[in-house]
Amino acid sequence: MPDQHTNQRRLFETAPRWVEDDVRRGTIATVVLPEGVDKPLDYLVPDDLAAAVEPGRRVRVPLGRGNRERIAYCVAVRGGELPQAALKSVAGVEDESPLLSPRMLDLTRWMAERWLARWGEVLEAVLPAGVRLRRKPRVVPLFVAAGAASPRQPTPAQGRVLAAAATPASAAALAAAAGTSRAVVMRMVKTGLLTAAGSAERGPAGRSVARRPISHDRPAALSADQAAALEAILDPLRRGRHETVVLFGVTGSGKTEVYLQAVEETIRHGRQAIVLVPEISLTPQTCDRFRARFGSVAVLHSHLTPTERHAQWREIAAGRVGVVVGARSAIFAPAPRLGLIVIDEEHETSFKQATAPRYHARDVAEWIARAEGVPLVLGSATPALETFHRCLTGEWTMCRLPGRVGGSDLPAVLSVDVRDTASRGRGAVSPRLAAGIRWALDAGGQVMLLLNRRGFATSIQCRACGDTSRCPQCDLALTLHQPGGRGICHGCGLVARLPTSCPSCAAPNLVPRGTGTQRLEDQIRAAFPGARVARMDTDTMRTHGSHERTLDAFRNREIDILVGTQMIAKGLDFPAVMLVGVVNADAALHLADFRASERTCQLVTQVAGRSGRGPLGGRVVVQTSTPDHPAIRAAAAHDYEAFVRSELPIREALLYPPFGSIVRLVIRSVDERAAADWAGHVADRLRAEAAGEAAIRVLGPAPAPITRLRDRFRWHVQVHGPGPDHLRDLVRRATAQLQTPDNVAWIVDVDPVEML
Ligand code: ADP
Ligand code: ZN
């Protein structure tokens, strides 16, 4: 800032003494830029803006030589003596009121340190786009029945509109209620049958009203285990204390009922609750149950427009919403009277954000719950090992719900060893699994088949030379999708027309290998010609609402067999499901990820729990080539804790989480050499910084398990160490002065959940 510096000095040189004295005291605002400069910057607050500049509002500040105005977040204001160096002045104020409370400012600063992110990018991430863009909510005029006798008899449609217009409503709402068009309503306004009655914000209700109706639902009388869990949550709630309570309950054990009653008590205390679910579209039943129990539920789902989201945000901030249900980012909902936070299916990886800032909603929730002095509830049939460990050390309280509600048995599980040729059968369905499907269908039950690979075939191979068709821009095999015989890359989405002969040896013998959900669906249709079959994966679920339609059809018994990816494994409760088949339990077991066993055990346990929820009972068939693997054995025995007991010592021996921390750096470049060199340089810096510290291990550089994605070569370096804080400081020091070459990009992932 040399320009300004000289200007200010010149001013001082010519100004009388008393001015200089005066200028030396003043108000300073510290601001953070959303991008660019990472460091917080100080600016002078001019007198005319003194009342408007406050922490949490955005301001306009001049930056750099050209003094270009940039929008920045004001994070602190202090008065007093000004520093020696000349300060530029705040040029203007953007927001009429703070977007962020002091607590949110503290939280975002903590998040930036915790996940080695830039404070500015965290600030941007916690505010929905609609709030940042200050979209004005749309105001719509309201109309009410005029009441005056009309010269002519109203038509039947007009009569229905008049009945609906007993209280003020928008034209759209009246048309919907009367089953007529908006034009009819507007004509009635013209002819005087309806009169204007003010206006209202078109709020989120506009959308939720159109949803399928929900029958009201009452609290159930709790079992002893449920009552104990509820008490463990309500006790800290009543005493205004923070505590983390883990609900470890098998699928169908009544966890959701406990959340519902805890939320009810929270609302009765005049407080608000935030409920996080892995993904709104995959958990329609959970959301419906909250809507059925409570009147005012704000459901924050990804299909809201920025305007709708902004409207929800304001409703929550005004304290008019009792319950907020949403995915990861709903944890930032600005509830002024927060009383409870619940995270359902807390083991799900979707709670960690995959892009910067790479935060985990569980950790953020814990920070908020601690700061607010409120309970945090984490529920799962398969808690993450990190969570389980913190219960074993006594830091968190674990409440167990070991049995299903009503005492129905967990389904019997049969493992089929597919290495055994007699068990293998033709196609992906073993004779044992086929017999199970037949048994369920004959008994009038439904079937769910899990295969966590979409597409028709998982690869296309040349029978002559053995070569596999690969994506030209990723190091991944192309998946064959039908109809059309297209090769699709699941890494980058590239769609390629498949050659008829092998690109490397020209032999015309290309064969599809492996089974995806499309092929499984074909095989099932062929084997069970009378059954009604549907498939649920990202290929069939592209449009908004398609999940709900398929799940409704399944619930209404219009589908007998549902084939799907892990999408079908989550929180669904269908009493008529008598058989669940896991077609390939090993699919994810051998990935280069230290959590591969944990994920496999969780997925198989979760999907197995969909079976036998009704009076007819149920069974599960698990096809595997490693039936003795602890993850498979535990899932087959409905004994997740047995898996935890076998896995924790392995993690401890290797100092993997939860016994150690990991920071992963991923380096990408279109130039393979540049990626490798830079990864080597980063690893050297880390090693130099870690010199003499026996507890710190720097692994790599090495090519990442997915060595190329979207034409970028990928290398990674991992740093392992005992505690997260020390490790983060080390990485921060080692990377602080790096001058990254132009053709290289790199990211830091603290506590990664994705290791590929
Ligand atoms: P989870 O969330 O653990 O899968 P849910 O809360 O969904 O379990 O409970 C499974 C089923 O049992 C649901 O249909 C629920 O309405 C019912 N339920 C839960 N608790 C009770 C109870 N105490 N009495 C009767 N039915 C209950
Ligand atoms: Zn690709």
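The values are calculated or read from the model by the stated rules, or taken from the named source; none is laboratory data. Bear in mind that the values here come from a model prediction, so they are computed numbers and not experimental data. Every residue, glycine among them, receives a Cβ derived from its backbone with ideal geometry; neighbour counts consider all protein chains shown. Each accessible area value is taken on the protein alone, full model and side chains, heavy atoms only, with ligands, DNA and RNA left out. Shrake-Rupley method; radii C 1.70, N 1.55, O 1.52, S 1.80 Å.
The figures follow:
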quantity	calculated
Odd one out for ARG599 among (1) charged (D, E, K, R); (2) closer than 27 Å to VAL416 by Cβ; (3) open to solvent by less than 50 Å² (accessible area, probe 1.4 Å)	(3)
Among residues of segment 141-181, those that are in contact with a Pro (Cβ under 7 Å, 6 or more places away or on another chain) and part of a helix (DSSP H, G or I), counted	1
Residue selected from segment 651-670 under the condition of a type in the set (A, V, I, L, M) and in a loop (DSSP other than H, G, I, E, B), by the criterion modelled with the lowest pLDDT	LEU655
Condition met for GLU308 (more than 12 Å from ligand 1 (Cβ to nearest atom), in a helix (DSSP H, G or I), out of contact with any Leu (no Cβ under 6 Å at 6 or more places or on another chain) and open to solvent by 30 Å² or more (accessible area, probe 1.4 Å))	no
Test: ARG619 is more than 27 Å from the chain's Cα centre (by Cα) and under 17 Å from THR387 (Cβ atoms)	no
Positions within segment 602-622 being open to solvent by less than 20 Å² (accessible area, probe 1.4 Å) and more than 20 Å from ARG432 (Cα to Cα), in sequence order	GLN602, GLN606, GLY614
Matching residues, segment 531-563, being modelled with pLDDT of 90 or more and not charged (D, E, K, R)	ALA531, VAL533, ALA534, ALA553, PHE554, ASN556, ILE559, ILE561, LEU562, VAL563
Per-region count, segment 700-756, residues in a helix (DSSP H, G or I) and open to solvent by less than 20 Å² (accessible area, probe 1.4 Å)	4
Total residues in segment 474-494, condition more than 26 Å from the chain's Cα centre (by Cα), near ligand 2 (Cβ under 10 Å from one of its atoms) and open to solvent by 50 Å² or more (accessible area, probe 1.4 Å)	1
Boolean, LEU450 is within 16 Å of ligand 2 (Cβ to nearest atom) and among the aliphatic types (A, V, I, L, M)	no
Residue check for THR550: touching a residue at least 60 places away in the same chain (Cβ under 8 Å), open to solvent by 20 Å² or more (accessible area, probe 1.4 Å) and either more than 16 Å from ALA440 (Cβ to Cβ) or in contact with a strand residue (DSSP E or B) (Cβ under 7 Å, 6 or more places away or on another chain) (or both)	no
Which numbered condition LEU410 fails, given (1) open to solvent by 50 Å² or more (accessible area, probe 1.4 Å); (2) part of a helix (DSSP H, G or I)	(2)
Among the candidates GLN473, GLN446, GLN482, residue that is within 30 Å of ARG555 (Cα to Cα) and modelled with pLDDT under 85	GLN482
Residue list for segment 553-566, filter: open to solvent by 20 Å² or more (accessible area, probe 1.4 Å), touching a residue at least 24 places away in the same chain (Cβ under 8 Å) and outside any loop (DSSP other than H, G, I, E, B)	GLN566
Condition check for ALA534: more than 30 Å from GLY581 (Cα to Cα) and touching a Ser or Thr at 6+ places or on another chain (Cβ under 8 Å)	no
Residue list for segment 45-102, filter: open to solvent by less than 40 Å² (accessible area, probe 1.4 Å) and of a type in the set (Val, Ile, Thr)	VAL45, VAL53, VAL59, VAL61, VAL75, VAL90, VAL93
Unmet requirement for ILE368, which otherwise passes all of (1) part of a helix (DSSP H, G or I); (2) among the aliphatic types (A, V, I, L, M); (3) crowded, with 24+ Cβ neighbours inside 10 Å	(3)
Lone unmet requirement of (1) under 29 Å from the mean Cα position of the chain (by Cα); (2) touching a residue at least 12 places away in the same chain (Cβ under 8 Å) for THR355	(2)
Sole exception among (1) within 23 Å of the chain's Cα centre (by Cα); (2) more than 16 Å from ligand 1 (Cβ to nearest atom); (3) open to solvent by less than 40 Å² (accessible area, probe 1.4 Å); (4) under 23 Å from PHE643 (Cα atoms) for ALA381, by number	(2)
Failed item in (1) part of a loop (DSSP other than H, G, I, E, B); (2) within 11 Å of GLU94 (Cα to Cα), with ALA72 passing the rest	(1)
Test result for ILE214, more than 16 Å from ligand 2 (Cβ to nearest atom), at pLDDT below 95, surrounded by fewer than 21 Cβ atoms within 10 Å (Cβ to Cβ) and in a helix (DSSP H, G or I)	no
Checking LEU247 against (1) buried (at least 23 other Cβ atoms within 10 Å of the Cβ); (2) more than 16 Å from ligand 1 (Cβ to nearest atom), the condition it does not meet	(2)
Residue, least open to solvent (accessible area, probe 1.4 Å), within segment 393-407, restricted to residues that are assigned to a helix (DSSP H, G or I) and without any contact (Cβ under 8 Å) to a residue 24 or more places away in the chain	GLY407
Any hit, segment 626-646, residues being assigned to a strand (DSSP E or B), crowded, with 18+ Cβ neighbours inside 10 Å and away from ligand 1 (no atom under 16 Å from the Cβ)	no
Residue in segment 495-537 that is least open to solvent (accessible area, probe 1.4 Å), counting only those that are within 16 Å of ligand 2 (Cβ to nearest atom) and touching a Gly at 6+ places or on another chain (Cβ under 6 Å)	ALA496
Verdict on ILE667 being closer than 30 Å to ARG714 by Cβ, away from ligand 1 (no atom under 16 Å from the Cβ) and touching a Pro at 6+ places or on another chain (Cβ under 7 Å)	no
Hey, THR458 of a type in the set (Ser, Thr, Tyr) and either open to solvent by less than 60 Å² (accessible area, probe 1.4 Å) or within 14 Å of ligand 2 (Cβ to nearest atom) (or both) or not	yes
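Quick grid of which residues meet (1) under 28 Å from GLN312 (Cα atoms); (2) not acidic (Asp, Glu):
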{"residue": "LEU49", "(1), (2)": "no, yes"}
{"residue": "GLY66", "(1), (2)": "no, yes"}
{"residue": "CYS74", "(1), (2)": "yes, yes"}
{"residue": "LEU87", "(1), (2)": "no, yes"}
{"residue": "MET104", "(1), (2)": "yes, yes"}
{"residue": "LEU107", "(1), (2)": "yes, yes"}
{"residue": "GLU121", "(1), (2)": "yes, no"}
{"residue": "ALA129", "(1), (2)": "yes, yes"}
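Yes/no matrix, rows are residues, columns are (1) closer than 21 Å to PRO627 by Cβ; (2) part of a helix (DSSP H, G or I):
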site: GLU521; (1), (2): no, yes
site: ARG525; (1), (2): no, yes
site: GLU548; (1), (2): no, yes
site: VAL580; (1), (2): yes, no
site: SER597; (1), (2): yes, yes
